[in-house]
Structures are given as structure tokens and as C-alpha cells.
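Notes follow the structure.
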Amino acid sequence: MLPLRRRIFFKQSTKWVITALATFFSIRSGYADRITEHFASAQASDIMTRLFADRSISYNDRINLSLPKIAENGAVVPITISSELDAIDRVYILIERNPTPLAAVFELSSEAMVYLTARIKMAESCNVVVIVRQGERLFKAQQWVNVVMGGCGTG
Amino acid sequence: MENGRNRDPISGELIPAHFIEELTIKLNDTTVITVDMAGSMAKNPFFTFRLKSVANGDKITASWIDNRQQIDSVDYIVAG
């Protein structure tokens, strides 16, 4: 029989491991397996192909994008995305000329409204493309942003 | 955060990438929003989300995991 303190330690450490594993797996429940190559460094057109293959994506003016026309500091560019479209389950933000063009993928449940704000980084002036997924259908909206000072060398 | 392309000014070595990969928002322990991201998000991404219905006493949890598998979370009970 193990000394009491050691037994408590073992019991406790098993509990920690189980909690850690449970947290790890539950936290990873979202965008299923993060697909590393989607977030890789590549041309935006290549990333688009990886994400959507050759599916057609139509422009939709019911996606509202709010971005500055001129961004003084590319390290902090605020973006607001909203839409009245129903049943949007994913929102992608791509920055065409960034070294890693895919900035974020939002996965929304039916509890969430399509209203998101965030801050992105931009290396140089280019289009910011937002693609929303409505079940099997894809829509996009984009806006050109002039960047005065590129934001990718600033951590 | 570090995007992996910056160099240490003294040694000239690349500084390894370090950023949050995934943020999860839960309402009463049910996942409502997940964000997967990489180095193109700002250092302070300052997210805003809106949920359709939240009542007094509901619990909102934000948890995140970075590319070194470090995890953390914070809870908030809706009041007022």
C-alpha cells in the first residue's frame, strides 16, 4: 500500500490529466480540425482554391462591410461585418496581399447574430474579401483598403 | 503575438510564431461561436459578437488556445 500522501498525489494528478484532456478536446470542438494549409503562407487565390475548390461565389450586397478607406497603421485595421442573410454558418476574412491571406474563420451557431467586429493586420494596400457560407451557398463582399504603413513587421 | 516573420534585432534570428489559434465562445456551456485565426489578426483583435437572446444569469465563457497549446478561459455571468 502506498503512503497516504503519495496516494493523494496520484489521485489528484490523474484528475488533472483528465481535466486537461477534457478541456483540450472540448475547446477544439469548433472548426473541427484546424486545417493548417488554409492558414498557410500562399497567394490568396491558392488559399481560395484550397477553401472552396472551384465553387462559384457571387457578390451579395446584403453583406455589409465596414472598413476604413485609408488605414494609417496596417497593424490595426478595424473591420465590421454584418448581414441580414439567414442561416449564415461561416464567415471567412481574407486579405489578398498578406503573406498569410486567411485571417480568420468564424463559425456561427444559430444563436449568434451575423454581426462581428475585429481588427486585422494588413501588409499593404489591397482588397479585403469577406466570404459567408449559407449552407451550400457562398457569397462575398470586398473592399479596397489603402494602407499607409504596413503592419506585418510589427508583431 | 508574433507572426514568425520578425527577426530578433540583435541576433538576427527569426522570432518563433506565437499567436492564438482558436477562440471559443460558449453560452451556458454550448458553443455558439468559434474563431480560427492565424498571424493576420491584429495583436489585440478586439472582437465583438452579438447573440440573439441572452437572459439574466446566463453564463458566457470565452476560451482560447494558442499555437503552443496553451489554454485559458474566462467566465462571465450576465447581470442587469
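Over chain B, Cα pairs under 8 Å with separation of 6+ residues give a relative contact order of 28 percent.
For chain B, evaluate the Debye formula with one uniform point scatterer on each Cα (no solvent term) and list log10 I(q)/I(0) at q = 0.12, 0.21, 0.26 Å⁻¹, rounded to two decimals. Taking Cα atoms of chain B as identical point scatterers yields -0.45, -0.98, -1.25. Can you give the percent of C-alpha pairs in the range A:55-149 whose distance is more than 19 Å? Counting pairs separated by more than 19 Å, the tail of P(r) holds 37 percent.
FYI, it's all coordinate maths here, none of it is from the lab. Given the structure is predicted, the values throughout are model-derived calculations rather than measurements.
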